[in-house]
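To start, the structure under review is shown below, and the notes come after it.
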Amino acid sequence: MALKGLDIFKLTPKTNCKECGNPTCMAFAMKVAQGAIPLEKCPHMGADVIAKLSEATAPPMKVIEVGAGNNAHKLGGETVLFRHEKTLVNKNLFATKLCSCMDDAKIDELLAGVKHVDYERIGERMYCEFLSLDYADNGVDKYVALVKKAMEADRALILNVECPECAKAALEVCKDAKPILNGANASNYEEMNKVATEAGVVLGVKGANLSELFDTVTALEAAGNKNLILDVTGATIKETFANAVQVRRSCLKENNRTFGYPSIVNLTKLCAGDERMQSALASVFTLKYGSIIVMDSMSYAQALPLYGLRQNIFTDPQKPMKVAPGIYPMNGADENAPCMITVDFALTYFVVSGEVERSQKPINFLITDAGGYSVLTAWAAGKLSASSIAKFFEEQDIAGKIKNRTLIIPGKVAVLKGEIEDKLPGWNIVVGTNEAIQIPKFLKDANF
Amino acid sequence: MPFTNKPQVFNAKINTVELGVGDKKIAIGGENVLPFYTFDAPIENLPKIGVEISDAGVENEVEGIKAFYEGCNTVAERAKKAATMPGADFLAIRFESADPNGENTSVEDCVKVAKEVAEATDMPLVFMGCKNVEKDAQIFTAVADALQGKNILVLSAREEDYKTVAASAGLAYGQKVGAESAVDINLAKQLNVLITQLGVASANVVMNLGSAAAGYGYEYVASTMDRVKAAALSQNDAMLQMPVVTPVSTETWSVKESMASEEDMPEWGSRETRGVDMEVVTAAACLASGSNAVILRHPQSVETISKLIKELA
């Protein structure tokens, strides 16, 4: 629970020295309570007071950092249960499962799959971020060999090991890559805690039920380890969903800091081999509180909708999703194909480009910078005008790059036609359709 | 120290709406908790799955769909077949070919098809239009009249045509009305107010809040549903307590990921699998956001989502 201004005020020197830039200590305390300025602005706060207060003012769900270098990721740190309440901060990540019980051919096949699905969508790299390595109790050497092989794949790692000796041996090999050691439970947590802290890695905690998980986390925190992640995978799908929701909800709504950690949901334990069911569940846990979702694999068929969904859910509701301005040649368009312009709002881009694709007509699709607004909003806000389009044409050197002199503008801004003709002499300005769905018919009937 | 869940049970609940008649009759809605929060309270009625059947045939569909309907030559035959699909709770007949810019099938022919379907199967029936406002209003009115007593749902009454559709289907012929708005809580509420003001009982109204395929602005769908359910349950807003029916397949099978051929996108793999996954992921997200029923097309999607519902309930 965030501290009230008065509570903070009691801990200030109450001298009104103004050194923090505020007229009184009371004003300072109020601003700190709102999160407007950091506590450290006051030079007279003792270190112990700062430690005490920052603990109390810290958000209930911690941000946990895992992986190293290119594979460093942040998890958790959420402050709300639903994106419309503010925004969700750290997107969920995905893992592909490997096991020390698999033969080399199977492992190579899975690693090839992980490497294969790696693409960009609206400025975001889409790929399987983690490899989740299961230990099948078939010898430490086998597991260490698996870890070594996995390290070559350039992904962050999760070590699913409950045996401290094996964990230690594996960490010898990979501790610099900052893997997650997912293996503490009610009976082994003391030893596992030692192994994890010595190697400086995040420790994953499991429990037979939420009470046991709660007790183990409490014990680990008492031992000084707050670098944790909670494996909420239960015996059934229903139980796992209940765990994921209750852990997150009790943390954010009841201020239960013991559950203030990111979660792991392991679908390979719930519906191994059922790829479609894993797609369905990955979707559910993307919306409802899975931080890392472990799957048997991630094919393109699964990645395309799942990463798209995740990108949607984790956008900041206050900031529209934008695509980069520029020329997007479609259906094999070259310099002789006509131009069609619209705004950089991602949804507009997807809907319009989809319809242009359906028309199968070569078009140079132009995306102009309109602040990420839709056509009418951008026009009303003055971000889509004859001058902004003329400026875009100049900056991108459209006239130099494209020989065709036809420009189709959105039907909703037909009023701009005259002005654009004045600004872009020599261009034939054509008013397009009001709705994207009419585009294929429009392009088929027209002749530019 | 044991962890104790603080159940979030609301005093308000979603309306229960019944569709169809006889043994196959279904009820949707009725819950007083968030979607699948069975640890708070039992879910009154499990979410239901409808199978979309277009009157335009299956020529353009993927192999799995064609194979399922093999040997079926009419909409009624396909409806009969779809009724056997494992996991199917109702059928959604879509008059795609009625579009005046397309084949322009006449209202009379649509009614004929609707009657044949109703004779061929005892499953609850939902009827979807061709997205042309004037034509849809005529079709819904005529079909609602022809199938009186069958307790069908027409999808949907919109801001432009609700007076005709809601008054005919909902009032005159005693059917269920779907209120369709475009992913906006205020528009949804306004339309519900208008429709109930016409005299249609709110127990005869469901909402189609609009939908989007995963990756195509789904955040608006999720946030609209989150907010609608929050207003209905925690603020007891009677004008948002109608259950939600979401047509998923019409969105997901028309995006690039489901349409692009394997020649164009060799690295993406099987088009059919892509289409199914897009449908499955979007439907699962809709259910997790609060849809009380989803409409799907592919038998494998229906099977998967049916399993998902059973596992979570």
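Quick note: the coordinates plus some simple rules give every number you see, no bench work behind them. Computed from a prediction, not measured in an experiment: that's the story for all the values here. In this analysis, Cβ positions are derived from the backbone assuming ideal geometry, glycine residues included, and neighbour counts consider all displayed protein chains.
Here are the numbers for the structure shown:
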item	result
Of all residues in segment A:427-448 being touching a Ser or Thr at 6+ places or on another chain (Cβ under 9 Å) and part of a helix (DSSP H, G or I), the one that is surrounded by the fewest Cβ atoms within 10 Å (Cβ to Cβ)	A:Lys444
Segment B:135-162, residues that are small (Gly, Ala, Ser) and surrounded by 22 or more Cβ atoms within 10 Å (Cβ to Cβ)	B:Ala137, B:Ala144, B:Ser156, B:Ala157
Subset of segment A:292-332 [facing chain B (nearest Cβ under 7 Å) and of a type in the set (Phe, Trp, Tyr)]	A:Tyr300
Conditions (1) within 11 Å of chain B (Cβ to nearest Cβ); (2) part of a loop (DSSP other than H, G, I, E, B): number failed by A:Tyr261	(1)
All positions within segment B:301-313 that are of a type in the set (Asp, Glu) and either more than 7 Å from chain A (Cβ to nearest Cβ) or within 21 Å of B:Met242 (Cα to Cα) (or both)	B:Glu303
Filter pass, A:Met321 being surrounded by 20 or more Cβ atoms within 10 Å (Cβ to Cβ) and under 18 Å from B:Val280 (Cβ atoms)	no
Test: residue in segment B:251-267 that is farther than 24 Å from A:Glu120 by Cβ and either at the interface with chain A (Cβ under 9 Å from one of its Cβ atoms) or touching a Leu at 6+ places or on another chain (Cβ under 6 Å) (or both)	no
Every residue from segment A:268-290 that is farther than 16 Å from A:Tyr307 by Cβ and within 19 Å of the chain's Cα centre (by Cα)	A:Lys288, A:Tyr289
Every residue from segment A:197-219 that is of a type outside the set (Ser, Thr, Tyr), more than 14 Å from chain B (Cβ to nearest Cβ) and over 26 Å from the mean Cα position of the chain (by Cα)	A:Glu198, A:Ala199
Residue in segment B:206-215 that is among the aliphatic types (A, V, I, L, M), in contact with a Pro (Cβ under 9 Å, 6 or more places away or on another chain) and more than 8 Å from chain A (Cβ to nearest Cβ) present	yes
Some residue of segment B:72-82 being surrounded by 16 or more Cβ atoms within 10 Å (Cβ to Cβ), part of a loop (DSSP other than H, G, I, E, B) and without any contact (Cβ under 8 Å) to a residue 60 or more places away in the chain	yes
Segment A:264-291 - residue that is of a type in the set (Gly, Ala, Ser) and in contact with a strand residue (DSSP E or B) (Cβ under 7 Å, 6 or more places away or on another chain) and, of those, nearest to the other protein chains (Cβ to nearest Cβ)	A:Ala282
Residues (crowded, with 24+ Cβ neighbours inside 10 Å and in a loop (DSSP other than H, G, I, E, B)) located in segment B:90-116	B:Phe95
Tally, over segment B:282-313, of residues that are under 22 Å from B:Ser54 (Cβ atoms) and crowded, with 24+ Cβ neighbours inside 10 Å	14
Failed condition for A:Arg125, given (1) away from chain B (no Cβ under 14 Å); (2) surrounded by 19 or more Cβ atoms within 10 Å (Cβ to Cβ); (3) part of a strand (DSSP E or B)	(2)
Identity of the residue in segment B:268-300, at the interface with another protein chain (Cβ under 8 Å from one of its Cβ atoms) and polar (S, T, N, Q), that ends up nearest to B:Leu233 (Cα to Cα)	B:Ser289
Among residues of segment B:216-241, those that are of a type in the set (Gly, Ala, Ser), surrounded by fewer than 22 Cβ atoms within 10 Å (Cβ to Cβ) and away from every other protein chain (no Cβ under 13 Å), counted	1
